[in-house]
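Novice: Starting off with a structure, shown below.
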């Protein structure tokens, strides 16, 4: 016997004073309501209604049982509402600040069509990790070494003027080498933006700086991307960036000649959330947001209109 359904029929019939009207209020056929109430009477061991009259009148036993039945029905309805809210609750996901608004919107569209709503929060690497640890978000795209990465984003040097050659060699930043100086007494610098201020990227660049014979200050950590970009645009410096990000910022991009540098990302979750939902159906959409290898397939499944929205002007 479905106890909740039986109690619901019992409550509605008692309120309407009629099996026919009560069944309609419970959205079931009258015979179904009658069978459920009869089953409930057998289960409870007493008659709930006096069937000797045309109206559905409660017996003394029925009047005693009615308050408990109402509480059970209200509790069941509250649980059903809570379940619906939980099913429809957005997945709060911390993402890198380098993701563009347009790409995040396309990712959200893709997720919705898979039955998942996203609540996206952009933050630097350390903040994303802390948000996940404190369970302020249910998932985060975290920075990891390349060997552990689901998404790999090649990095290179971005500049305001088009460089010569197919790659930029950091050794050319040494005093007296080719490349214009941004001003008297200061050689050009390579800026590491906040997204790349993680050991597995930052330390590799520092080692590369030392091998290239650069001064320590020639590889600088930027407090903000905007500040680093200003130095690139006004002072002729270089910015460590992905090719997609450089394009978005209106900069020229070349790989670093001395070493293959890359960002690595993985999906991490808290509170029992399944990271497979991000690594699987949303993998290509996330790749596009990050500028990762294989990101060109990100519009797959968003429909033709989504793919059109994702086109970049030529």
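The values are calculated or read from the model by the stated rules, or taken from the named source; none is laboratory data. Everything numeric in this text was worked out from a predicted model, so none of it was measured. Because the Cβ atoms are built from the backbone with ideal geometry, glycine has one as well, and the counts that use them run over all protein chains shown.
Novice: Of all residues in the range 270-286, count the ones that are touching a strand residue (DSSP E or B) at 6+ places or on another chain (Cβ under 8 Å) and under 16 Å from residue 117 (Cβ atoms).
Specialist: Counting residues in the range 270-286 that are touching a strand residue (DSSP E or B) at 6+ places or on another chain (Cβ under 8 Å) and under 16 Å from residue 117 (Cβ atoms) gives 4.
Novice: Here's something else I'd like to know. Name the residue, out of 180, 188, that is farther than 30 Å from residue 284 by Cβ, outside the structural domain of residue 132 (by TED's automatic domain parsing), modelled with pLDDT under 95 and in contact with a strand residue (DSSP E or B) (Cβ under 7 Å, 6 or more places away or on another chain).
Specialist: Answer to the selection: 188.
Novice: Another question, then. Considering only residues of the range 249-262 that are touching a residue at least 12 places away in the same chain (Cβ under 8 Å) and part of a loop (DSSP other than H, G, I, E, B), which is surrounded by the fewest Cβ atoms within 10 Å (Cβ to Cβ)?
Specialist: 260
Novice: Here is a follow-up. Look at the range 93-126 and say how many of its residues are buried (at least 19 other Cβ atoms within 10 Å of the Cβ) and either part of a strand (DSSP E or B) or on the phi > 0 side of the Ramachandran plot (or both).
Specialist: 5
Novice: A further question on this structure: Considering only the range 230-248, how many residues are within 27 Å of the chain's Cα centre (by Cα) and either exposed (fewer than 15 other Cβ atoms within 10 Å of the Cβ) or in a helix (DSSP H, G or I) (or both)?
Specialist: 6
Novice: Do we find a residue being assigned by TED's automatic domain parsing to the domain that holds residue 289, touching a helix residue (DSSP H, G or I) at 6+ places or on another chain (Cβ under 7 Å) and surrounded by 14 or more Cβ atoms within 10 Å (Cβ to Cβ) anywhere in the range 127-137?
Specialist: Yes, because at least one residue in the range 127-137 is assigned by TED's automatic domain parsing to the domain that holds residue 289, touching a helix residue (DSSP H, G or I) at 6+ places or on another chain (Cβ under 7 Å) and surrounded by 14 or more Cβ atoms within 10 Å (Cβ to Cβ).
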